Protein chains: 2
Amino acid sequence: MTEAYVTLATTDGYGVGALVLGHSLLSHGTTRQLCILVTPGVSEQVRSALSQVYHNVVLVDVMDSGDSAHLALLERPELGITFTKLHCWTLTQYTKCVFLDADTLALQNTDELFTQPELSAACDVGWPDCFNSGMFVFVPSQETYEQLLDFAKTKGSFDGGDQGLLNSFFPNWHRLSFVYNMVATACYTYLPAFKEFGRNVKLVHFLGSTKPWHGESAAQPGSAYGSFVGAWWTIYRELVRPSMPQSLVEHFSKLSTNENLVEGRQRWEAGRPEYMGRDSFDNIMAYIQSRINK
Amino acid sequence: MTEAYVTLATTDGYGVGALVLGHSLLSHGTTRQLCILVTPGVSEQVRSALSQVYHNVVLVDVMDSGDSAHLALLERPELGITFTKLHCWTLTQYTKCVFLDADTLALQNTDELFTQPELSAACDVGWPDCFNSGMFVFVPSQETYEQLLDFAKTKGSFDGGDQGLLNSFFPNWHRLSFVYNMVATACYTYLPAFKEFGRNVKLVHFLGSTKPWHGESAAQPGSAYGSFVGAWWTIYRELVRPSMPQSLVEHFSKLSTNENLVEGRQRWEAGRPEYMGRDSFDNIMAYIQSRINK
């Protein structure tokens, strides 16, 4: 009975995100395997770095003619990225898995998720009758995979992505607490709730077009969002970068442009002018530091 | 066994909101009573208009020295508005009630809500582990009311309002579909979901500082938000205004300033540049028209 956390990287940026995610899971003492699906869009260098952290690096290419998704894709090319995520159901060497987007970060151990049934997930903030597909508990199965491909071909996805498809395929999903997939924007949308429940958050999700790896300057103390980005960068700097070849570090630096950053921060700040107190940032940093020094 | 929809108005603006809400419930053929709690902030004129639509207009004043909430409030004055909403549990002439904020609008009959247990509600989009207190099913009870007051005094409210208090008091709330309390912003946050599920929406909630009664110019065809505001104004113009005294119509016109409006629309539009097609607006208008002409 082998269980695994599964993630997916389609670019080097997401690859570095996956490195940080992997370290965040390990630093909280997970007893499960780590597995990553990568597409050819991830460079050899990043794949090599990923193999130092992940037990299993699986190269997938939905456009391979030998691939079972190939024919389906010819009919619905717009679902390409969706199909890539569906590959996780083919990982039948595992009995149960937790899928995590590469733009998530574990703040606590989440291994209790493996006691949950397929398909377990947390509400999406945009339309809470749907689950957010950034985190979900699933059971790998070739049969389910084939059914998903068939469903995608015949019904498509109402949002053009994996979230719409999976929500239609699993209408009776099991609801998990928001603390297992806390969208970083939520602390701005309903700050009092974040102040009340934020300490329970186990997994934070950097939803949106600006990702932590776009730059460290968003990691400002004094805001909840800044503290999460800061936590990401602490793990990157202390656990990921030291074992990365110099050329990869330089390659990655180029990914994180200041431009993306400033734009991102402005957007966050425009959403809601309130911030968490400085204490929260210090607490999160002290906690992460304590995990790293263990 | 008498059941009722219950709402609350603290100002004339909310009073007019309640008039439209009441008509929207009646136009969809509700078989339940309509009851409204009003504070002295609502003018005599508006209260008189409300009594034409609501079976029961209950004047409440949490600062009355004879009021059971008075002593509690002296200790926690910041919870004043919260305490007003708690009054709905004192309506023990009803066996079960559905509370609706005065800034909600029924798009379909929602009487099936009365089959749900206390406390039933829909997820809040900001933090979906919480329910949004703009709509909830409850059972009036003097005992629950006293417990709520005591809870408010001793524990307070994590967001300073009724939503925080009620979520803490009813931690095991029963989850209803988002279609029973669809926040008007949601169609912008996750437009594909709105396109997929929007036709099922039964109750829309105009959350935020700009309300439909702030002006008709937001009622523009071509956007989901505009169509909801348009539906509100159609009911106001065709069902509410004709039976209002002229002085009240003029009083109300002054409430709806163009300034609020333009600002409101800009904020909505800045959030998400996409709009629903013109067809949706036409469909909603045609539907409302058909209900009115019945």
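The numbers here are math on the coordinates, done by the rules we state, and not lab data. Please read these numbers as outputs of a predicted model, since none were measured by experiment. Neighbour counts run over all protein chains shown; Cβ positions are idealised from the backbone, glycine included.
With its label point defined 7 Å out from Cα along the Cα-to-Cβ axis, A:ARG237 lies at 6.0 nm from the matching points of the other copies, in increasing order. Whole-percent P(r), chain A, all Cα pairs, 10 Å bins from 0: 6, 28, 36, 23, 5, 0. Over the protein assembly as shown, dividing the summed -39,500 (n - 2.57) contributions of all DSSP H runs of at least 4 residues by the number of residues returns a 222 nm mean residue ellipticity of -12500 deg cm²/dmol.
Take B:PRO117, push a point 7 Å out from Cα through the beta-carbon direction, and compare it with the same point in every other copy: 1.9 nm, smallest first.
Which entries in A:LYS195/B:LYS155; B:LYS96/B:LYS202; B:LYS85/B:LYS195 show an alpha-carbon gap greater than 27 Å?
On the way: A:LYS195/B:LYS155 15 Å; B:LYS96/B:LYS202 20 Å; B:LYS85/B:LYS195 33 Å.
Cα-Cα > 27 Å for B:LYS85/B:LYS195; rest within.
The Cα atoms of region A:1-65 give a gyration tensor whose axes a ≥ b ≥ c have a/c of 1.5 or more with a/b no greater than b/c, which makes the shape oblate. Would you compute the Debye intensity of region A:1-109 from its alpha-carbon atoms alone, equal scatterers and no solvent, and pass along log10 I(q)/I(0) at q = 0.16, 0.22 Å⁻¹ to two decimals? The Debye formula, applied to the Cα set alone, gives -0.69, -1.19. Of interest is the spacing of the C-alpha centroids, which for region B:100-125 and region A:70-102 amounts to 37 Å. Dividing the radius of gyration of the alpha carbons in region B:69-157 by their Kirkwood radius gives 0.98 for Rg/Rh. Size descriptors for region B:86-233, from the alpha-carbon set: Rg then Dmax equal 16.1, 49 Å. Sorted shortest first, the distances from the B:GLY29 label point to those of the same residue in the other copies are 6.1 nm; each point sits 7 Å from Cα along Cα-to-Cβ. Relative to the longest principal axis of the Cα atoms of chain A, helix A:258-271 runs at roughly 80 degrees. Based on C-alpha pairs under 8 angstrom that are at least 6 apart in sequence, chain A has a relative contact order of 18 percent. When you count the other C-beta atoms within 10 angstrom of each residue and take the mean per peptide, A:236-242, B:103-109, A:124-130 line up highest first as A:124-130, B:103-109, A:236-242.
Please compute the contact order of region A:1-112 in relative form: average sequence separation of alpha-carbon pairs under 8 Å and at least six residues apart, divided by the residue count, as a percent.
Values: 174 pairs, mean separation 46.3, N = 112.
Here the relative contact order equals 41 percent.
If you run the Gaussian network model on chain B, springs between alpha carbon atoms under 10 Å, then out of B:MET135, B:MET182, B:MET244 the most flexible one is B:MET244.
Here the relative contact order of region B:50-165, from alpha carbon pairs under 8 Å that lie six or more residues apart, stands at 31 percent.
Dimensions of the protein assembly as shown based on its C-alpha atoms, expressed as ranges along the principal axes with the largest first, amount to 78, 54, 45 Å. Our coupling estimate for region B:3-15, obtained by passing each phi through the Karplus curve with A = 6.51, B = -1.76, C = 1.60 and θ = phi - 60°, is 10, 8, 7, 10, 9, 8, 10, 10, 9, 5, x, 5, x Hz, Gly and Pro reported as x.
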